[in-house]
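Visitor: Dropping the structure in here first, questions after.
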There are 4 protein chains.
Amino acid sequence: MKILFIQTGGTIDKDYAKVWQAYDFEINTPAVVRILKLASPVIDYKIKSAFKKDSMDITAQDRKRLVSICQKATEDRIVITHGTDTMSKTAEALSLIKDKTIVLTGAARPEHFYDSDAAFNVGVAVGAIQSLQPGIYIAMNGLVSPWQAVKKNPDTGQFTPKA
Amino acid sequence: MKILFIQTGGTIDKDYAKVWQAYDFEINTPAVVRILKLASPVIDYKIKSAFKKDSMDITAQDRKRLVSICQKATEDRIVITHGTDTMSKTAEALSLIKDKTIVLTGAARPEHFYDSDAAFNVGVAVGAIQSLQPGIYIAMNGLVSPWQAVKKNPDTGQFTPKA
Amino acid sequence: MKILFIQTGGTIDKDYAKVWQAYDFEINTPAVVRILKLASPVIDYKIKSAFKKDSMDITAQDRKRLVSICQKATEDRIVITHGTDTMSKTAEALSLIKDKTIVLTGAARPEHFYDSDAAFNVGVAVGAIQSLQPGIYIAMNGLVSPWQAVKKNPDTGQFTPKA
Amino acid sequence: MKILFIQTGGTIDKDYAKVWQAYDFEINTPAVVRILKLASPVIDYKIKSAFKKDSMDITAQDRKRLVSICQKATEDRIVITHGTDTMSKTAEALSLIKDKTIVLTGAARPEHFYDSDAAFNVGVAVGAIQSLQPGIYIAMNGLVSPWQAVKKNPDTGQFTPKA
């Protein structure tokens, strides 16, 4: 079993721009690299970057490309890190893939923050993907769920089960 | 579904003693409390402390008590945080429980360290426990495995699959 | 001796906005509050917020108000946290104050980052202010200097001595 | 002006031992290395290790050697990182040096902890040493003071002014 991690951007990968007179966050190297380094993993894995975007800026074209990357991958277990605002939309686009287990996760606070949820969330995705049946899942706030069963609460930012 | 977290001690929960002329680590409040707080969890859970010991100091009596706590728990999904040196031994003691899903995890470096693997490891356990069949599992170094299938490598400290 | 800390904004105080579909930073509570809490300080101090701005957005009017706050303060030792891009400009505006010791500091990376320089920099300012003569100083990159003697290097972001 | 940093051990430099079946801390590479790296320092400095001991284990012989290192150093500004329990005793031993500015500092919690006071404390020492007259000083809990004027409070662990 080998896990493919795909970076798409989002809060989890935001770093602080160091450029002259710029004062903004920017999406940088995948948080997954740093998180796995601390974990001394024994699992077999590969990390790939699809794009580096705030999830509000992801286009239909981007999603097509992401679906294509997942379809062409030799791995059948894929963890995608993604911004939370359109995570469900990307999950929907991926739902035409029937023979792979794909878990989307992300973070409410950048991995570079000392009070980030990133390492835990990536852990949840990694733990879940090893025993889940093929399908598209969201792993946020400790809950692993088929993508259609949860949605982001606009007030709290949490992914909660649909009523 | 509700998850019961049980603290037994080990590296993951080590804090720094602040007492006069003492210069030692001590096992303090469960790391799980701090890790879940950052994750804004939507899962239902409870945290309980069985004991606070380095895993080399856990006795047969302690293990009996832990088995009893797990048997009497109303929850059938249990994550146990534990020192790594005797994690496999405790898993063996727990293996007489047939109707619950129990995942043991821990850390190579205390959760209080900024370069700890604790949050990721607890995440792996939480992600795995939601879809695993009843049984006793170890979740370390990114790998979730039936307890008999892995052992701690004395040189690297990693839990690797048995040959 | 009492130290007055004044927040003006800048990178040091940047936090991550948690609002719905926003993906930006915001200047939040003073980093000095969190830094001093860890230090268990025995010094006498007060923390005040003048404004919360990126230093590129600070106006002449803002600087006038900051000068006025410093002049009216009963404390004669003042540490100002400030964005780095116009730190020298604010120092110049403050230089009409002749009877107080004022040290400006800030950070290249937000205090919320685990790899921030914020705690060290604020420490340098606190250590310096206790023995410096009245005047306006900049404390960045480990160097404490009269404000006129250093400038920010646009390439490295460091405050280096003027040739 | 060049600053010499000397490691002697103590809480500030404590790391977690990774060896088989060991569950203890050990004094490792100087925290000053990691702290200065984040600060992108423009000051001229050198880091040297005298010994790596809990300060309760420092002998009269060790202190003689430390005094000798300070005397022979070409630098006349020296920051010593040290365990807090016998920091005052070492300061006393150093007090025969009359022509150098020496600041002792340390930490209540190891630099490897995300809630450590180490970076701030080293910052205070670095900020103070640049303008202090020759003498032996302690920089802890935000206060820079001639060594004779403070002592460690056995209840709180803070260095407070003597009555």
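The values are calculated or read from the model by the stated rules, or taken from the named source; none is laboratory data. Everything numeric in this text was worked out from a predicted model, so none of it was measured. Backbone-built Cβ (ideal geometry, glycine too); neighbour counts: all protein chains shown. SASA here: full protein model, heavy atoms, side chains in, ligands and nucleic acids out. Shrake-Rupley method; radii C 1.70, N 1.55, O 1.52, S 1.80 Å.
Visitor: Give the percent of DSSP beta bridges with both residues in the stretch D:48-163 that are antiparallel, rounded to the nearest 5.
Guide: Working: 7 of 16 bridges.
Bridges in the stretch D:48-163 are about 45 percent antiparallel.
Visitor: Further question: How big is the dipole moment of the protein assembly as shown about its Cα centre under a simple scheme where the beta carbon of each Lys and Arg is +1, that of each Asp and Glu is -1, and everything else is neutral? Debye, nearest 20, please.
Guide: The dipole of the protein assembly as shown has a size of about 0 debye.
Visitor: Over chain C, with a Gaussian network built from C-alpha contacts below 10 Å, which listed residue (C:Leu38, C:Leu96, C:Leu66) shows the highest mean-square fluctuation?
Guide: Between C:Leu38, C:Leu96, C:Leu66, it is C:Leu38 that shows the largest mean-square fluctuation.
Visitor: Could you pull out every one of the aspartates and glutamates with an alpha carbon less than 13 Å from that of D:Lys89, ignoring same-chain neighbours closer than 8 positions?
Guide: Correct list for D:Lys89: D:Asp57, D:Asp62.
Visitor: Let me ask something else about it. If you count, for every residue in A:5-16, the Cβ atoms of partner chains within 10 Å of its Cβ, what is the mean?
Guide: 2
Visitor: Please state the shape class of the protein assembly as shown: rounded when a/c is under 1.5, otherwise prolate if a/b exceeds b/c and oblate if not, all from the C-alpha gyration tensor.
Guide: oblate
Visitor: Ordered by residue, what ³J(HN,Hα) values in Hz, to whole numbers, does the stretch D:114-127 give under the Karplus form 6.51 cos²θ - 1.76 cosθ + 1.60, where θ = phi - 60° and Gly and Pro are x?
Guide: For the stretch D:114-127, the Karplus curve yields 6, 10, 8, 9, 4, 4, 4, 4, 5, x, 4, 4, 5, x Hz.
Visitor: Then there is this: For the pair A:Ser40 and A:Lys98, how long in nm is the line joining their label points, each one 7 Å along Cα→Cβ?
Guide: 4.4 nm
Visitor: Let me know the longest stretch in chain D that avoids all trypsin sites (Lys or Arg not before Pro) found in a DSSP loop with at most 13 other C-beta atoms within 10 Å.
Guide: Longest run free of exposed loop sites: D:19-97.
Visitor: While we're looking at this one, here's another question. With springs connecting C-alpha atoms under 10 Å apart, model chain C as a Gaussian network and identify which of C:Ala39, C:Ala91, C:Ala118 has the largest mean-square fluctuation.
Guide: Checking each option, the largest mean-square fluctuation is seen for C:Ala39.
Visitor: Let me ask you something else. Please work out the average accessible area per residue across the protein assembly as shown, using the 1.4 Å probe convention, and give it in Å².
Guide: Per residue, the protein assembly as shown has an accessible area of 39 Å².
Visitor: What residue among A:Gln61, A:Gln133, A:Gln148 shows peak mean-square fluctuation when chain A is described by a Gaussian network model with Cα springs under 10 Å?
Guide: Of A:Gln61, A:Gln133, A:Gln148, the most mobile in the Gaussian network model is A:Gln61.
Visitor: Then there's this: Compute the distance in nm between two label points, each set 7 Å from the Cα along the Cα-to-Cβ direction, one at B:Tyr114 and one at A:Gln133.
Guide: 4.5 nm
Visitor: Something else: Taking amide H positions as placed 1.01 Å from N in the peptide plane, with prolines and chain starts having none, which residues 5 or more places from A:Ile47, or on another chain, fall under 5 Å of its amide H?
Guide: Distant-sequence amide H within range of A:Ile47: A:Phe5.
Visitor: When you have a sec, figure out the Kirkwood radius of chain C from all distinct Cα pair distances and drop it here in Å to one decimal?
Guide: By the Kirkwood definition, the hydrodynamic radius is 15.8 Å.
Visitor: Also, quick follow-up: If you average the sequence gap of Cα pairs under 8 Å that are 6 or more apart and divide by the length of chain A, what percent do you get for the contact order?
Guide: Reported relative contact order: 23 percent.
Visitor: With each pseudo-label sitting 7 Å past Cα toward Cβ, what's the B:Glu26-A:Ser49 distance in nm, one decimal?
Guide: Once both label points are built, they end up 4.6 nm from each other.
Visitor: Further, regarding this structure: Could you point to the residue in C:Ile78, C:Gly127, C:Gln158 farthest towards the positive end of the stretch C:59-163's charge dipole, with +1 and -1 charges on the Cβ of Lys/Arg and Asp/Glu respectively?
Guide: C:Ile78
Visitor: For the stretch B:1-134, with only Lys/Arg (+1) and Asp/Glu (-1) charged at the beta-carbon, what is the dipole magnitude about the Cα centre, in debye rounded to 20?
Guide: Once rounded to the nearest 20, the dipole reads 460 debye.
Visitor: If you don't mind, another one. Quickly estimate the mean residue ellipticity at 222 nm for chain C, helices only: each DSSP H run with n ≥ 4 gives -39500 (n - 2.57), and the total goes over all residues, rounded to 500.
Guide: After summing the helix terms and dividing by the residues of chain C, the value is -7500 deg cm²/dmol.
Visitor: Which of the residue pairs A:Lys100/B:Lys98; A:Lys64/A:Lys100; D:Lys48/D:Lys72; C:Lys72/D:Lys151; A:Lys64/A:Lys98; B:Lys14/C:Lys37 have a Cα-Cα distance greater than 23 Å in the structure shown?
Guide: A:Lys100/B:Lys98; C:Lys72/D:Lys151
Visitor: Am I reading the B/A interface right? What is its buried accessible area, both sides, 1.4 Å probe, to the nearest 100 Å²?
Guide: Roughly 2200 Å².
Visitor: Percent of alpha carbon pairs in the stretch D:57-135 separated by more than 15 Å?
Guide: So the pairs more than 15 Å apart make up 58 percent of the total in the stretch D:57-135.
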